[in-house]
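In what follows, a structure is listed as structure tokens, so that the remarks can point back to it.
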Amino acid sequence: MVTLYTPINKFYIDKGYLYYISNKDKQGIAKLSLETREEQIITLSNIQDFVLDDGIIYFVDTAGFLHSIETNGANFKDITKDYSIKKIQILNNWIYFYNQKDNCLCKINKSGSKVKTISTFVNNEIYNVTNKYIYYFDSIDKKICRTNLKGKKSKALVTVTTERPKINIANGIVYYLDNSKDESQLYQMYRVKKNGSEAKSIDY
């Protein structure tokens, strides 16, 4: 049995290893062998978000700078230090990120040579990019919305009451968190179709 010490609830499993953020002694990106249970620290840095993609780890430190490193700890690179980046997500060859400095969603290629502003509709780091739409939380109007990949024609799907809804998409359904109507729990999971119809809670 192995106890993991991590400050964020994100991890990846790839080729027999578990990748996660460890803060057992000092914070950094770690990998754990699922066979031997041996932990290795890939890089030491204060991490706020990371993504594993095709053998490369892309991560954002607490200064909001974007970096990359191979899973064996080699080839550390600074991708950009020009933005105050919060959350990152990868689609195809682009790294999507919320630019806290300019309050918008942007994307940058993996080498850092090209940057594009996608949408000013996205006004916080709660978003989810899919092959067709970008789903995001409008923190001003308290709505979960969607826009196309060019950041045009925003559509509101459902109104929420929480400040941290989270957004996940699976099998044509948008899943999100909202304040619970049950006093015994803080949050409750809900679902709504991609067109905004049939919003309902999930009982569990």
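Nothing in this text is a laboratory measurement; each read-out follows from the coordinates by a stated rule. Everything numeric here is computed off the predicted structure, so don't read it as measured data. Here the Cβ is made from the backbone with ideal geometry for all residues, glycine too, and neighbour counts use every protein chain on show.
What whole number of Å gives the distance from the Cα centroid of segment 1-76 to the Cα centroid of segment 105-175?
25
Set the bar at 19 Å for Cα to Cα. Now go through K81/K153; K10/K153; K155/K194; K116/K142; K101/K143; K132/K152 and name every pair that lies beyond it.
Pairs exceeding 19 Å: K81/K153; K10/K153; K116/K142; K101/K143.
Using the Kirkwood formula on the Cα atoms of the chain, what hydrodynamic radius do you get, in angstrom to one decimal?
Taking every pair of different Cα atoms in the chain, averaging 1/r and inverting gives 18.3 Å.
Roughly how many debye, to the nearest 20, is the charge dipole of the chain about its Cα centre, given +1 on each Lys and Arg Cβ, -1 on each Asp and Glu Cβ, and no other charges?
Dipole about the Cα centre, nearest 20: 940 debye.
Would you mind listing how long segment 1-120 runs along its three principal axes, going by Cα atoms, in whole Å with the largest first?
46, 24, 21
When you have a sec, figure out the Kirkwood radius of segment 89-187 from all distinct Cα pair distances and drop it here in Å to one decimal?
After inverting the pairwise mean of 1/r, the radius is 14.2 Å.
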